[in-house]
Amino acid sequence: MGPSHLWPGSGAVLALLLAAGCSKPAPPPRPPLAVRSEPARPAVFRQEVGTVSTLEAPDEVNLAAQAGGRIEQLRVRQGDQVKRGQLLVVLDQTQLQAEVVALQGQRNESLLNYRRFEFLARTGAASVIQRDALRQNWIAAESALKAKQADLAYRDLRSPVDGYVSDVRVNPGDVIKAGDPFTTIQRNNRLLARVEVPARYGPQLRNGQAVILQDPLADRTIAEGQVRSIDPRVSSGTQGLLVKAELDNPDGSLRTGQRLRTRLVLGSSEQLSVPFAAVTQTSGQNFVFVVGSLEQLERQPGRISKEQLQALRQRVSAEPQLRFALQTPVQLGPLQSKRYPVLRGLSSGQQVIVTNLLSLRHGAPVQVN
């Protein structure tokens, strides 16, 4: 059914309306988008070298037997924490104990003979020469006893330092010789990080610079230390300089031989910065949305047409407080502590939008909360 059948004369009225160019009224403008902003402000940024380091224990003691014999007791295992003086290994002592008892008897007999002749020499019943000879016998027997007691003490092998037991290379019943190494004790409370730094950074390296170790699975710092030594030689294979940094490891969570992501801080400087949340990227170019006025938008209209600008002028005349999002290209440095250093594109104090970035476009009206 055609329009002329809706009501009498309705077709003629509709035709007149269309001929007169009547249309629906324009929709009201959208309200400004609520956003939050922060000022571009100076922040301290570090100049860093990212690399990998290997940990090592500076205090590592290789333990060896001071006397030979068969292992009677083995009181430690790999990974045990030990204290200085703690008993680690007991060697068979049966023969040495018998020898000590025999030497004690010889020493006692020599001492007794010396004391008898010392009394007789004072009364003139024995010669001084005999007394002195017996005194030398007593001294020799005493020295032989002390030497054998020292040998017996060597049969108890004790830890010379606090630390952790590394690989134990012997078992109960094994026969070891004097000088045979059987394990290593590592003092793990302080470690050295061996950091390989490209040689081009050599002129910037200094003792005392900070070295930061990071968790390999998460972006968090697990330890910090300071450079203690710099090798003057450049490795022919890697063209790097070996830097050693000392760090505390009070809980023993870090281990010798562990490899970790490492950042060496060469220096720091104050630079203008923006928060991570303010930055968007399009086709490899970084942008931020700056809160600006209509005058600033007119100087940088981008793709906004003259008709759109005219409509915005009319709107600002009714809403003088109205502000706009100005998409601004910026050149940024590496992200640090959730802020980017601004190398080019912004001035200090400019307000950058940090919320609702996906809903923004250049020239969009915004209300800053």
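Quick notes on this structure:
- A simple charge model with +1 on the Cβ of Lys and Arg, -1 on the Cβ of Asp and Glu and nothing else charged puts the dipole of the stretch 157-292 at about 340 debye relative to its Cα centre.
- Relative contact order computed over the stretch 223-369 (Cα-Cα under 8 Å; 6+ residues apart), in percent: 25 percent
- Sequence-separation-based contact order of the stretch 225-291, relative, with Cα cut under 8 Å and 6+ spacing, percent: 19 percent
- One chain, two ends: Lys306 and Arg36. Fully extended at 0.36 nm per residue, the span grows by 94.3 nm beyond their Cα-Cα distance.
- Placing a label point 7 Å from the Cα of Tyr201 along the Cα-to-Cβ direction, the residues of the stretch 27-47 with a backbone N closer than 14 Å are 46-47.
- Sequentially through the stretch 54-66, phi angles give Karplus couplings (6.51, -1.76, 1.60; θ = phi - 60°) of 10, 8, 9, 8, x, 10, 10, 10, 8, 8, 9, 5, 8 Hz, Gly and Pro residues having no value and appearing as x.
- Residues of the chain: accessible area per residue with a 1.4 Å probe, Å²: 61 Å²
- Accessible carbon and sulfur surface of the stretch 322-369 relative to its total accessible area, %, 1.4 Å: 47 percent
- Farthest positive-ward along the stretch 102-202 dipole, Cα basis, beta-carbon charges - from Ala144, Pro181, Leu111: Leu111
- Each residue was assigned an accessible area with a 1.4 Å probe, and for Glu270 the value is about 140 Å².
- Angle between the chain longest axis and helix 128-154 axis [Cα atoms, degrees, rounded to 10]: 30 degrees
- Couplings 3J(HN,Hα) of the stretch 346-351, computed from phi: 9, 10, 4, x, 5, 7 Hz, in residue order, whole Hz [Karplus 6.51 cos²θ - 1.76 cosθ + 1.60, θ = phi - 60°; x for Gly and Pro].
- For semi-axes √(5λ) of the Cα gyration tensor in Å, calculated from these coordinates, the label among (i) 93, 24, 17; (ii) 32, 23, 20; (iii) 46, 27, 17: (i)
- Rounded percent of accessible protein surface that carbon and sulfur make up, the stretch 204-298, 1.4 Å probe: 45 percent
- Gain on full extension, evaluated as 0.36 nm per residue between Ile222 and Leu335 minus their Cα-Cα distance, stands at 38.8 nm.
- The relative contact order of the chain comes to 25 percent, based on Cα pairs under 8 Å that sit 6 or more residues apart.
- Across Tyr164, Tyr114, Tyr201, mean-square fluctuation computed from a Gaussian network of the chain (C-alpha pairs under 10 Å connected) peaks at Tyr114.
- Over the residues of the chain, the helix contribution to mean residue ellipticity at 222 nm works out to -8000 deg cm²/dmol, using -39500 (n - 2.57) for each DSSP H run of at least 4.
- Between the amide H of Gln66 and those of Gly179, distances stay under 5 Å, these residues lying 5 or more places away or on another chain, with hydrogens modeled in the peptide plane.
- Simple Cβ-charge dipole of the chain, Lys/Arg +1 and Asp/Glu -1, about Cα centre, in debye nearest 20: 800 debye
- For the stretch 114-123, backbone phi angles converted through the Karplus equation (6.51, -1.76, 1.60; θ = phi - 60°) give residue-by-residue couplings of 4, 5, 4, 6, 5, 5, 5, 5, 5, 8 Hz, Gly and Pro being listed as x.
- The slack between Val265 and Ala178, meaning 0.36 nm per residue of separation minus the straight C-alpha distance, is 26.5 nm.
The values are calculated or read from the model by the stated rules, or taken from the named source; none is laboratory data. Quick caveat, the model's predicted, so the values are computed rather than measured. Cβ atoms come from the backbone with ideal geometry, glycine included; neighbour counts cover every protein chain shown. Only protein heavy atoms, including side chains, enter the accessible area calculation; ligands, DNA and RNA are left aside. Shrake-Rupley method; radii C 1.70, N 1.55, O 1.52, S 1.80 Å.
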